[in-house]
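The values are calculated or read from the model by the stated rules, or taken from the named source; none is laboratory data. All values derive from a computational prediction rather than experimental measurement. Reconstructed Cβ throughout: ideal geometry from the backbone, glycine too, with neighbour counts over all protein chains shown. Just so you know, the surface numbers come from the protein's heavy atoms only, side chains and all, with ligands and any DNA or RNA stripped out. Shrake-Rupley method; radii C 1.70, N 1.55, O 1.52, S 1.80 Å.
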Amino acid sequence: MASLRDIKSRITSTKKTMQITKAMEMVSASKMNKAEQNAKNFVPYMNKIQEVVASIANGTDASHPMLEEREVKRTAYLVITSDRGLAGAYNSNILRNVYQTIQDRHNSKDEYTTIPVGRIGRDFFKKRDMPVEHEITGVADQPNFADIADIAKQTVQLYTDEKIDELHIYYNHYVSAITQEVTATQLLPLTNISSEGQSLTSYEYEPNEEEILEVLLPQYAESLIYGALLDGKASEHAARMTAMKAATDNADELVGDLTLKYNRARQASITQEITEIVSGAAALE
Amino acid sequence: MKTLTVSVVTPDGPVIENNYDMVSCKTESGELGILPGHIPLVAPLTISGVRLKSENSADIIAVNGGFVEVRPEKVTILAQSAELPSDIDIERAQKAKERAERRVNSGASDIDLMRAELALQRAINRIDVKEKA
């Protein structure tokens, strides 16, 4: 049986760890609230741009390379992960999903490329010797649009320059504080612009449809990327919060077990001492 | 008198939502003044100041990129960024302007030059809007 001192030091260290995980849980909770708020702020912008894009794309016969499917020679995967770990299965879920998809779909490295967001994703692809087109690390916890505008622009540019023919985006969709779902969507070409539930207005276009699309579509694609990033961030904080809560609970349980063990050991040692004294006294009689 | 509901929306959230009598903005094909009852219209905006006028006040907003969507009673401006004069940091804009000017003059490659020029336009626009307010 472990000595009293050993057990005591384990209890202390577990309690210290618990303090840290608890603090991290609370930090993540507040970050999650903010991230949720950010995602909410973004909704009116997204809805509006979607509405306008839908009415142009469905209401006219204007065409644009970003709306048309072409032969797919190279596919890009934009994968949103976090910079730091300790977020439970947040990163591994998404990376497993992407890795599986890539293995199933592509035979050689020339057929695809990856654009990881976050250090964990970058390290994952680099370690497996997979092509990495751009990498984005150090995204703020509460990103604003200016932070990622460049990245989004570069990514959309890859498509415009025909370096890639398809762009898929993988991220964790924030369902609730305890559920996040790996979501994969095809971003480019924009083939599935839904106009459900929206009243389509027929607009006048100044100067004409083509030039509007020229401005509008890249902006639309960029905002889709930004939306996914906000969603991913909210999920990240939620996942970290849940993971830290689980860690705190486990530590609590462990401290309970150890305290019980400690008390047993203490009692045993007292009993032993008494026995020794009693038997010592009996020997003197 | 009829008014226009104007909302300026950016990815970071709504900037302004209010009633005005007239909106004047600079689109890629020229200046555009919008009064209530305008036919539905979509037009891309340049990096410029958008003026919003009501009976007794006038606001100006520095808009970067984006477009304007007009409906008879409602005008929506969707921009990558939009700032009220009170949100503009004039010193920062000045510095950005100098930086961009240096880059434009340094004879960089095409893409860098294009970016520097855009940055310069944005900085000039911010300073301009701040001064007009």
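When the Debye formula is applied to the Cα atoms of the protein assembly as shown, each taken as the same point scatterer, what base-10 log of I(q)/I(0) results at q = 0.08, 0.09 Å⁻¹?
-0.56, -0.68
Within chain A, which complete DSSP H helices have Cα atoms spanning at least 18 Å along the helix axis and a mean Kyte-Doolittle hydropathy of 0.0 or higher?
A:145-160
Averaged over peptide B:4-15, how many Cβ atoms belonging to another chain are found within 10 Å of each residue's Cβ?
Other-chain Cβ atoms within 10 Å of each residue's Cβ, averaged: 5.
Accessible area drop of at least 30 Å² (1.4 Å probe, protein heavy atoms): which residues of the range A:127-153 qualify, relative to the chain alone?
Listed in order, they are A:F145.
How would the range A:202-270 be classified by its alpha-carbon gyration tensor: rounded, prolate or oblate, with rounded meaning a/c under 1.5 and the a/b versus b/c comparison settling the rest?
Prolate shape, in that a/c is at least 1.5 and a/b is the bigger ratio.
Pop out the carbon and sulfur fraction of the accessible area of the range B:89-132 as a percent, whole number, probe 1.4 Å.
Carbon with sulfur: 47 percent of the solvent-accessible area.
Largest first and in whole Å, what are the equivalent-ellipsoid semi-axes of the range B:43-133 based on the Cα gyration tensor, each being the root of 5 times an eigenvalue?
For the range B:43-133, the semi-axes come out at 28, 17, 8 Å.
Need one value for A:39-52: mean number of C-beta atoms belonging to other chains within 10 Å of its residues' C-beta atoms.
Average neighbour count from other chains, rounded to a whole number: 4.
Of all DSSP beta bridges located in the protein assembly as shown, what percent are antiparallel, nearest 5?
Around 70 percent antiparallel, to the nearest 5.
Identify all aspartates and glutamates with a Cα-Cα distance to B:K95 below 15 Å; exclude those on the same chain that are fewer than 8 residues away in sequence.
B:E117, B:D128
What share of all Cα pairs of the range A:160-285, in percent, falls into each consecutive 10 Å distance bin?
The distribution over the range A:160-285 is 10, 19, 18, 13, 9, 8, 7, 6, 5, 3, 1, 0, given as percents.
So which aspartates and glutamates pass the test for A:K245, namely a Cα distance under 15 Å, with those fewer than 8 places away in the same chain ruled out?
Result set, ordered by chain and number: A:E25, A:E236, A:E253.
How crowded by other chains is B:40-48, given as the mean number of beta carbons from other chains within 10 Å of each beta carbon?
If you average over the peptide's residues, the count of other-chain Cβ atoms is 5.
With chain A treated as a Gaussian network of Cα nodes joined by springs under 10 Å, which of A:V98, A:V255, A:V79 yields the largest mean-square fluctuation?
Most flexible of the set in this elastic network: A:V255.
Given a Förster distance of 35 angstrom, what is the FRET efficiency for A:N41 paired with A:R105, based on the Cβ-Cβ distance and rounded to 0.05?
After rounding, the FRET efficiency stands at 0.50.
Suppose the chain between B:D128 and B:E73 were pulled fully straight at 0.36 nm per residue; how much longer would it get relative to their current alpha carbon spacing?
16.9 nm
What does the net charge come to around B:S86 if you take all other residues with beta carbon closer than 11 Å to its beta carbon, with K and R at +1 and D and E at -1?
Around B:S86, the surrounding residues sum to -3.
If one takes the longest principal axis of the Cα atoms in chain B, at what angle in degrees, from 0 to 90 and to the nearest 10, does the Cα axis of helix B:110-132 lie?
Once rounded, one gets 50 degrees.
Assuming R0 = 30 Å, can you tell me the calculated FRET efficiency for the pair A:T137 and A:K8, based on Cβ-Cβ distance, to the nearest 0.05?
According to the calculation, E is roughly 0.10.
Quick one, what does Rg over Rh come out to for the range A:42-240 if you take C-alpha atoms and the Kirkwood Rh?
0.98
Total Å² of accessible surface buried at the B-A contact, 1.4 Å probe, nearest 100?
Roughly 2200 Å² of accessible surface disappears when B and A pair.
With springs connecting C-alpha atoms under 10 Å apart, model chain A as a Gaussian network and identify which of A:G227, A:G85, A:G138 has the largest mean-square fluctuation.
Highest fluctuation among the options: A:G138.
Chymotrypsin sites (Phe, Trp or Tyr not before Pro) within the range A:210-271: which are DSSP loop residues with at most 16 other Cβ atoms inside 10 Å?
Within the range A:210-271, no chymotrypsin sites (Phe, Trp or Tyr not before Pro) qualify (loop, at most 16 other Cβ atoms within 10 Å).
Just tell me the longest site-free run in chain B, where the sites are GluC sites (Glu not before Pro) in a DSSP loop having at most 14 other beta-carbon atoms within 10 Å.
That would be B:74-133.
Do any GluC sites (Glu not before Pro) in the range A:50-99 lie in a DSSP loop with no more than 16 other beta carbon atoms within 10 Å, and if so, which?
Sites meeting the loop and neighbour criteria: A:E68, A:E69, A:E71.
Which pairs in the list A:K163/B:K74; A:K126/B:K97; A:K34/B:K26; A:K40/A:K127; A:K40/A:K163; A:K40/A:K153 are over 31 Å apart, alpha-carbon to alpha-carbon?
Checking Cα-Cα distances, A:K163/B:K74; A:K126/B:K97; A:K34/B:K26; A:K40/A:K127; A:K40/A:K163 exceed 31 Å.
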